[in-house]
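One structure below.
The values are calculated or read from the model by the stated rules, or taken from the named source; none is laboratory data. These numbers were taken from a predicted model, which means no experiment stands behind them. As a convention, Cβ positions derive from the backbone with ideal geometry for all residues, glycine included, and neighbour counts pool all protein chains shown.
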Amino acid sequence: MEKTYKAILVIADGLGGRPTDWGNATCLERASTPNLDRLAREGACGLMDPIRPGVRPGSDTSHLSIFGYDPYEVYTGRGAFEALGIGMEVKGGDICFRANFATVEERDGKLIVTDRRAGRLAEGKELAEALSKLDLGKFGVQAFFQASTEHRGALVLRGEGLSAAVSDTDPHETGVPVAEAQPLDDSEAARRTAAILNEITRQAYELLKDHPVNVRRSQEGKPPGNIILLRGAAVMPHLVPVTEKYGIRAACIAGGALYKGVARAAGLEVIEVPGATGDLKTDLVAKARAALKALETYDFVFVHIKGTDNAGHDHDPEAKTRFIERIDREFFGTLLEELDLEEVHLCFSGDHTTPIDYGDHTPDPVPVLFVGPSIRPDRVERFGERTAAEGGLGRFAGNLVPQLLGYCNRGPKFGA
Ligand code: ZN
Ligand code: ZN
């Protein structure tokens, strides 16, 4: 039996930058990163196209690609991953919808939409409790609703004979009735699912119209959240868990719900770390300590750090640079105090580039760093976009987890 190693993958969201970030340097190049530079000297660097060259990645599709899935095959739309992203338990085969609380008025027996966002209400969680009484027993189907921010939420349908080939109940305009969901193909499953959605419209109105929150909002002259509008039906794909594929135990440490959701779909167990907030204020020392502890019991630990992307979206080079310095000092400083790089392979990268001037994700490749006993060192001495381009790993697309676990002597062989 050959020796196996443990692995840790650290993703700083939107890590990549452009020379336009800050005086002809990227934020990563501008930042002082002695720990990452040490790892670059000991290991090997390269550039990764998160999905493939020229594709602007979303964080969800990019993480699927990093975990070794083909997002063109398994990504069914925002509905499914948004439901995961707000922390819902979603199973393969579930039908997921993006949802809004909205305001309707009854006119001539019709429910006319007067505000598609119910005044961006703040009481979604209270209203969502009422929706736990949605009863689809006569269809043999379960419905789960969860509120997220403001008027937003997600709905998940679970049961046999369901289809995502249904139209939205959200009419996408005001002054018109709530749309009747229609089947979008000839299947019985699509007809049945459309009927279920129309039943949900009826029941949601009954459950919400006299809800104390809405009575109070009406008294205050605010639009009540007395209906939910559904859009973007998507089936949750059946992903082969990486834990199953590689026969490993794996854990995820992340602040943001979307990353916990994708990790859970890939078979990872989520470890909740107090202080891991998924923004620039996150406790990076706590995350490093949690990762060290997780490595005692798990074969593979995935750590997601979000703040770099937030600073990129905010067009704030100083915030992004300082946060990268915190990642180096607080996260890697703590991690490297105890991490045994003779027994563990480490990979650090981003899930895409979020340049300061553009303020959103771009297709540019991101720098990658691998270090550990199996890695052939290269001549790169500093971790950054330009130096990584000269590294021994060259340029490749996604697949960080399969590569990392490959160095750990884990994973199935393709062919004889
Ligand atoms: Zn991202
Ligand atoms: Zn982003």
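Values computed for the structure shown
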quantity	calculated
Test: residue in the range 327-339 that is within 16 Å of ligand 1 (Cβ to nearest atom), assigned to a helix (DSSP H, G or I) and in contact (Cβ under 8 Å) with a residue 40 or more places away in the chain	yes
Residue selected from the range 117-133 under the condition among the small types (Gly, Ala, Ser) and touching a residue at least 24 places away in the same chain (Cβ under 8 Å), by the criterion farthest from ILE227 (Cα to Cα)	ALA122
Lone unmet requirement of (1) in contact with a strand residue (DSSP E or B) (Cβ under 8 Å, 6 or more places away or on another chain); (2) more than 16 Å from ligand 2 (Cβ to nearest atom) for PRO355	(2)
Condition met for PRO367 (surrounded by 16 or more Cβ atoms within 10 Å (Cβ to Cβ), at negative phi, within 16 Å of ligand 1 (Cβ to nearest atom) and under 25 Å from the mean Cα position of the chain (by Cα))	yes
Test for ARG379: is it more than 30 Å from THR297 (Cα to Cα), assigned by TED's automatic domain parsing to the domain that holds TRP22, surrounded by fewer than 23 Cβ atoms within 10 Å (Cβ to Cβ) and more than 16 Å from ligand 1 (Cβ to nearest atom)	yes
Boolean, LEU339 is in contact with a strand residue (DSSP E or B) (Cβ under 9 Å, 6 or more places away or on another chain), away from ligand 2 (no atom under 16 Å from the Cβ) and closer than 21 Å to LEU64 by Cα	no
Selection from the range 63-80 of residues that are assigned to a helix (DSSP H, G or I) and touching a helix residue (DSSP H, G or I) at 6+ places or on another chain (Cβ under 8 Å)	HIS63, LEU64, SER65, ILE66, PRO71, VAL74, ARG78
Residue in the range 190-198 that is surrounded by 12 or more Cβ atoms within 10 Å (Cβ to Cβ), over 21 Å from GLY92 (Cα atoms) and at pLDDT below 95 present	no
Condition met for LYS260 (within 16 Å of ligand 1 (Cβ to nearest atom) and in contact with a strand residue (DSSP E or B) (Cβ under 7 Å, 6 or more places away or on another chain))	yes
Cβ-Cβ under 6 Å pairs, at least 6 apart or on other chains, the range 343-356 side of a type in the set (Val, Ile, Thr), far side modelled with pLDDT of 95 or more and within 15 Å of ligand 1 (Cβ to nearest atom)	THR353/GLY16; THR353/THR362; THR353/ASP364; THR353/VAL366; THR354/GLY14; THR354/ASP309; THR354/GLY312; THR354/HIS361
Residues (closer than 19 Å to GLY109 by Cα and surrounded by fewer than 20 Cβ atoms within 10 Å (Cβ to Cβ)) located in the range 208-241	LYS209, ASP210
Condition met for PHE144 (buried (at least 20 other Cβ atoms within 10 Å of the Cβ) and at pLDDT 95 or above)	no
Some residue of the range 41-58 being within 16 Å of ligand 2 (Cβ to nearest atom) and of a type in the set (Gly, Ala, Ser)	yes
Hey, CYS96 under 28 Å from ASP328 (Cα atoms), touching a residue at least 24 places away in the same chain (Cβ under 8 Å) and in contact with a strand residue (DSSP E or B) (Cβ under 6 Å, 6 or more places away or on another chain) or not	no
Hey, GLY415 free of Cβ contacts under 8 Å to residues at least 12 places away in the same chain, small (Gly, Ala, Ser) and surrounded by fewer than 24 Cβ atoms within 10 Å (Cβ to Cβ) or not	yes
Single condition ILE66 does not satisfy, out of (1) aliphatic (A, V, I, L, M); (2) over 29 Å from GLY175 (Cβ atoms); (3) buried (at least 21 other Cβ atoms within 10 Å of the Cβ); (4) more than 16 Å from ligand 2 (Cβ to nearest atom)	(4)
Among the candidates ASP314, ASP328, ASP279, residue that is over 18 Å from PHE67 (Cα atoms), within 16 Å of ligand 2 (Cβ to nearest atom), among the acidic types (Asp, Glu) and more than 17 Å from the chain's Cα centre (by Cα)	ASP314
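So that you can scan it fast, the table gives a plain yes or no per residue for (1) of a type outside the set (D, E, K, R); (2) within 16 Å of ligand 1 (Cβ to nearest atom); (3) crowded, with 22+ Cβ neighbours inside 10 Å; (4) outside the structural domain of GLU244 (by TED's automatic domain parsing):
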site	(1), (2), (3), (4)
GLU272	no, no, no, no
LEU280	yes, yes, no, no
ALA294	yes, no, yes, no
ASP299	no, no, no, no
ILE305	yes, yes, yes, no
THR308	yes, yes, yes, no
GLY312	yes, yes, yes, no
PRO317	yes, no, yes, no
